Amino acid sequence: MKHKYLDKIKSLEGPPKKVNIFSDKEIKMIQELYNDLPERTFNKKQKVRKKAWEQNYNTELDKIYFSKLKEILGDFKMDNLKSEKGDDLYGLFHESFSPLPIHVDSGFDEEDIIYKQVVTPLAPVGDTIFFKKRWYGRSTTFTIDPEELKFKPKADQNDRSNKHLGDKEFNEEIHTKYLTHIDINNLKGMEVEFIYEWKVGETLIVDRSHIHCASSRINHKKLGLTTFTKK
Ligand SMILES: [Fe+2]
């Protein structure tokens, strides 16, 4: 698949932006919501515990969250899958124990006008590395493992691809500092656009077409909230 409304998507793109939209109290409310929510998946392979922000656990917080995002993003729609009741989920909480591989969260529907990804760190330590390269196909995990490349995804699962690769060797210093969990040959032709060092109290707004991954600088408490949006 290739996104159909490419010009429109590109016209909405811009550099990553750090904002402070939530007060300490609101961050605390979001952390408490995370504790109250039921567990959704525990992916043993990726060592990530996920919970989804379901509406109506804290309706006051639902309203605050939506309106604060609207202030920053203008009109937008949520694009985080639906709850069992069919309501929009407001985001996904990720508690990581090991860093996520290189991927892109560009969506699963070619008709969608994908927009911004909103990342709110809720516990340190960690970074997200954004590469210059962008991707306008389906959500994809990038790998050079021939076995992994054979994977046939279901409707809501990432594709696998090695089409991110180029010729230029990847910067060794950056690899050693941030990306030791990734084979340096899987980074050929990639250049870093922006390294986001997680800071609780901040929120990062970034285009969904950016290829990215977590850094190897991680502790067992790394917890963040991500919301995907479309127009
Ligand atoms: Fe992601």
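Rule-based calculations on the coordinates, nothing more; no lab input. The shown structure was predicted, so the numbers you read here are calculated from the model rather than taken from an experiment. When we count neighbours, we look across all protein chains shown, and the Cβ atoms used for this are built from the backbone with ideal geometry, even at glycine.
Restricting to DSSP H runs of at least four residues, report the calculated mean residue ellipticity at 222 nm for the chain, -39500 (n - 2.57) per run over all residues, nearest 500 deg cm²/dmol.
-5500 deg cm²/dmol
Expressed as an acute angle from 0 to 90° and rounded to the nearest 10, what is the orientation of the C-alpha long axis of helix 59-73 relative to the principal long axis of the chain?
Between the helix axis and the principal axis of the chain, the angle is about 50 degrees.
Based on the Kirkwood radius over alpha-carbon pairs, what value in µm²/s does the Stokes-Einstein equation return for the translational diffusion coefficient of the chain at 4 °C and 1.567 mPa s?
71 µm²/s
How large is the charge dipole for the chain, taken about the Cα centre, if only the Cβ atoms of Lys, Arg (+1) and Asp, Glu (-1) carry charge, to the nearest 20 debye?
200 debye
What is the stretch 91-141 by shape, rounded, prolate or oblate, if you read a ≥ b ≥ c off the alpha carbon gyration tensor as root eigenvalues and call it rounded for a/c under 1.5, prolate for a/b larger than b/c, and oblate otherwise?
Judged from the Cα gyration tensor, the stretch 91-141 comes out prolate (a/c at least 1.5, a/b above b/c).
Pairs of Cα atoms under 8 Å, at least six residues apart: use those to get the relative contact order of the chain, whole percent.
It comes to 33 percent, rounded to a whole number.
Taking the Cα centre of each part, how many Å lie between the stretch 201-231 and the stretch 170-185?
Using only Cα atoms, the two centres lie 19 Å from each other.
By how many nm would the segment from Lys4 to Tyr57 grow when fully extended, if each residue of separation counts as 0.36 nm and the alpha-carbon distance is taken off?
Between Lys4 and Tyr57, full extension yields 15.5 nm more.
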